[in-house]
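**Student:** Quick one: the structure is below, questions incoming.
Derivation of every value follows stated rules applied to the coordinates shown; laboratory data play no part. Nothing here was measured: the structure is a model prediction, and the numbers come from that model. As a convention, Cβ positions derive from the backbone with ideal geometry for all residues, glycine included, and neighbour counts pool all protein chains shown.
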Ligand code: SF4
């Protein structure tokens, strides 16, 4: 992987943030594109937030992109534009937790800081026979000092963390770990006690909450109505067709929209899509419609406060843009799929 061939802390940082919630194969392409667009910290710091979000489009978890942007600005304004060397300073940057700080410190500067990601947690829970649940903070408190002794004694922090992460991802895998080829086999608690299947200790995941969400893709004079989502919460500050959450998965235009707009719009198409977020399952319906009222325009209703601003999840005002502009603004993945399916 390209980020394993560099000691550049900026590049390592970008790759680690991308890989937090993205598979390696998908992350590789994004990493190369992102580094190409923002080759240096200064390029990222001086870009607009909209440009950074657009470059992040498709990766999800947009707070990662916002934090990257904020941290780059902090490095330029407060640290002379040079990526910090010190673990605590790295850890203090927005969006950088214990694992990422340790990964950057060891991979870029060979500092002995043990990195504890999901892969490392899994092999170490088996190797040390840790009874504490993997997701609990107590687990990290228990295992980190043990790993820290290991990395300090290794004499090669870079290789220690690389090998530790690789061991979890390639050998001590979630299902059917390859104990027969594991270099830790003889000292592994779970293996030597024949209890590999008992570790790690985990609680079953709760079923995701269902979120019924309607979108109205409304065209008027060859322009589309969009709104910016609120600055906080899911998909913060991204653009989308006006959306409205509903309690039930009705297969009809939400009442609020039907009552206010049904005589002025004509529904052209209806699409359904399911989208998974970390704790929610979005059951989305997109209503593609055209403004047909020859007497009253959407702008008239907007002026009177009777348009979608007051009938949507966002209270930002409506904006009308062409299809080419629509393709340039930062949007979430679900919205992107609805744009791709726009009727001609
Ligand atoms: S011996 Fe098996 S269970 Fe133990 S660390 Fe290696 S792969 Fe994991």
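**Student:** Using only Cα atoms, figure out Rg for the chain and give it as a multiple of 2.2 N^0.38 Å.
**Tutor:** 1.21
**Student:** Taking the number of other C-beta atoms within 10 Å as the exposure measure, put 229, 178 in order starting with the fewest. Mind dumping the intermediate values first?
**Tutor:** Details: 229 22, 178 11.
With the sparsest Cβ surroundings first, the list reads 178, 229.
**Student:** For a quick protection proxy, order the peptides 120-129, 306-315 by their average other-Cβ count within 10 Å, most packed first.
**Tutor:** 120-129, 306-315
**Student:** Compute the helix-to-body angle for 24-37: its Cα long axis versus the longest principal axis of the chain, expressed 0 to 90° and rounded to tens.
**Tutor:** 70
**Student:** Test of understanding: what is the full-extension gain from residue 135 to residue 33, defined as 0.36 nm times their sequence separation minus their Cα-Cα distance?
**Tutor:** Values: separation 102, 0.36 × 102 = 36.72 nm, distance 3.27 nm.
Gain on extension, residue 135 to residue 33, equals 33.4 nm.
**Student:** Figure the gain on full extension for residue 154 and residue 263 (residue separation times 0.36 nm, minus the Cα-Cα span) and round it to one decimal in nm.
**Tutor:** 31.9 nm
**Student:** Right, here's the next one. Could you calculate the FRET efficiency of residue 40 with residue 344 from 1/(1 + (r/R0)^6), where r is the beta carbon distance between them and R0 is 56 Å, rounded to 0.05?
**Tutor:** The calculated FRET efficiency here is 0.85.
**Student:** How do 197-206, 89-98 rank on mean C-beta neighbours within 10 Å, highest first?
**Tutor:** So the order, starting with the most tightly packed, is 89-98, 197-206.
**Student:** Take the alpha carbon atoms of the stretch 282-309, find their center, do the same for the stretch 152-224, and report the distance between the two centers in whole angstrom.
**Tutor:** First find each Cα centre; the distance between them is then 45 Å.
**Student:** Using the number of other C-beta atoms within 10 angstrom as an exposure proxy, rank 69, 270, 214 with the fewest first.
**Tutor:** Working: 69 22, 270 14, 214 25.
The most exposed by this proxy come first: 270, 69, 214.
**Student:** Do the sum for the chain: with -39,500 (n - 2.57) for every DSSP H run of n ≥ 4, divided by all residues, what is the mean residue ellipticity at 222 nm, to the nearest 500 deg cm²/dmol?
**Tutor:** -11500 deg cm²/dmol
**Student:** Let me ask something additional. Output the antiparallel fraction of DSSP beta bridges having both residues in the chain, as a percent to the nearest 5.
**Tutor:** Numbers: 22 of 34 bridges.
Counting DSSP beta bridges with both partners in the chain, the antiparallel share is about 65 percent.
**Student:** Counting only C-alpha contacts under 8 Å and six or more residues apart, can you give the relative contact order of the chain as a whole percent?
**Tutor:** 15
**Student:** Moving on to the next point. Which of the three applies to the stretch 151-288, rounded, prolate or oblate, going by the alpha-carbon gyration tensor with a ≥ b ≥ c and a/c under 1.5 meaning rounded?
**Tutor:** prolate
**Student:** Moving on to the next point. For helix 157-166, report the angle its Cα long axis makes with the longest principal axis of the Cα atoms of the chain; keep it between 0 and 90° and round to the nearest 10°.
**Tutor:** Value to nearest ten degrees: 60.
**Student:** For labels at residue 337 and residue 309 in the simple 7 Å Cα→Cβ model, what's the distance in nm?
**Tutor:** 3.1
**Student:** Which order, highest average first, do 245-252, 37-44, 286-293 follow once you tally other Cβ atoms within 10 Å for each residue and take the mean per peptide? Write out the running numbers ahead of the final one.
**Tutor:** Details: 245-252: 10.6, 37-44: 17.0, 286-293: 18.5.
Going by the mean number of other Cβ atoms within 10 Å, highest first, we get 286-293, 37-44, 245-252.
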